[in-house]
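The values are calculated or read from the model by the stated rules, or taken from the named source; none is laboratory data. Predicted, not measured: the structure shown is a model, and the values here were computed from it. A quick note on method: Cβ atoms are made from the backbone with ideal geometry, for glycine too, and the neighbour counts reach across all protein chains shown. The protein model used for the area step is the full one, side chains on, heavy atoms only, and it has no ligands, DNA or RNA in it. Shrake-Rupley method; radii C 1.70, N 1.55, O 1.52, S 1.80 Å.
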Amino acid sequence: MNFFKNLSKKQKIILLVAVGLLLVFSFVKTYFPSVGLSSWRSNINAVFNGKPNEAQDKELSVYYVDVGQGDCTFIKTPKGNFLIDTGTSAMAQCTAEYILSQNVDTVEYLVITHPHEDHFGGASRILDFIDVKNIIMPDIPEEYLPEDDGFDYLLKRIKDGNIPVYAARAGDKYQLGDAVFTILSPIKNNSDINEMSVVIRLDFGETSFLFMGDAEKSAEKVMIRKNADLKCDVLKVGHHGSSKGTTDEFLEKTEPLVAVISCGMNNDYGHPAEDLTRRLKNHSVSFVRTDMNGNVIIGSDGKRLYCWYEKGEKY
């Protein structure tokens, strides 16, 4: 008490304000644990469980397609469409029909993040339905490429169709109107094909999305070391929620509000791993998963996110 009495009036005011701020922060973290650093970082709010058109009728709409144990994401903008991976060959017909049902029959850019069948397998079939203008894929040394007849056939289809192919280079940008797509990885060669995945950051207004392909811990460390701009509002979790990626350090750098996990129901790999979902929760990241929530759509008007999913509840 003597300590407080001996303070000047100005010092007493500063002390009381500081104590008040600490009490407010403690109250928010206790009673509103989902409010994390990301929501303090910006004025972006995520609206969950709205109607489908609240997400898909925005200027930018990102469709995380339920393709089972695989990956497929397409992005609609007023100036064109961007497709990241295509799921497996077994799901190709359903995937093509879903994309067409969203009034999409032309894609300005198709990204094959890496040559694993659950990411490129549906591409050859999708080329039968969708007019693909350009293709982006990693320039993987031949000695690292898997022997895969399906991938060889896809390369032949691309060549026969005279579709321009661009090697994914860190720092390269592709733009569709106000939507800017930046390649963040691969940065260096790796014998692990997953770690050679194309990683893409999408910026639209004040909102941002990160698409990880199957990139895991090694690629994450390189991007962090190279000071890549990783902060995002929506994180497409790498490698279907494997325990080998999306580390605490990576989540501290990305600070997502929302995460999306693409995986198959009762898959043989145990995706998503329990320690991965625990890390997301520890970092106050809400997440949805295609095996439990079905198709997921996140729309953006440049300031606000609108998230819709077919079934279940967010985590």
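Just one of the listed residues (Val107, Val67, Val111) is of a type in the set (A, V, I, L, M), touching a residue at least 12 places away in the same chain (Cβ under 8 Å), under 27 Å from Gly312 (Cα atoms) and surrounded by 19 or more Cβ atoms within 10 Å (Cβ to Cβ), namely Val67.
Scanning the range 193-235 for residues that are out of contact with any Lys or Arg (no Cβ under 8 Å at 6 or more places or on another chain) and aromatic (Phe, Trp, Tyr) returns a single hit, Phe204. Screening Pro78 with (1) more than 15 Å from Ile112 (Cβ to Cβ); (2) crowded, with 22+ Cβ neighbours inside 10 Å gives one miss only, at (2). When the range 306-315 is limited to residues that are surrounded by fewer than 19 Cβ atoms within 10 Å (Cβ to Cβ) and not charged (D, E, K, R), the one that is farthest from the chain's Cα centre (by Cα) turns out to be Gly312. Does Ile183 satisfy being open to solvent by 30 Å² or more (accessible area, probe 1.4 Å) and in contact with a Lys or Arg (Cβ under 7 Å, 6 or more places away or on another chain)? Here the answer is no, as Ile183 does not meet what is asked. Mind listing whichever residues of the range 135-171 are of a type in the set (Val, Ile, Thr) and either more than 21 Å from Leu184 (Cα to Cα) or open to solvent by 60 Å² or more (accessible area, probe 1.4 Å) (or both)? Result: Ile158, Ile163, Val165. Taken together, the residues in the range 84-119 that are farther than 14 Å from Val65 by Cα, among the hydrophobic types (A, V, I, L, M, F, W, C) and out of contact with any strand residue (DSSP E or B) (no Cβ under 8 Å at 6 or more places or on another chain) amount to 1. For Ser34, the conditions (1) under 29 Å from Tyr269 (Cβ atoms); (2) open to solvent by 40 Å² or more (accessible area, probe 1.4 Å); (3) touching a strand residue (DSSP E or B) at 6+ places or on another chain (Cβ under 8 Å); (4) modelled with pLDDT of 60 or more are fulfilled apart from (4).
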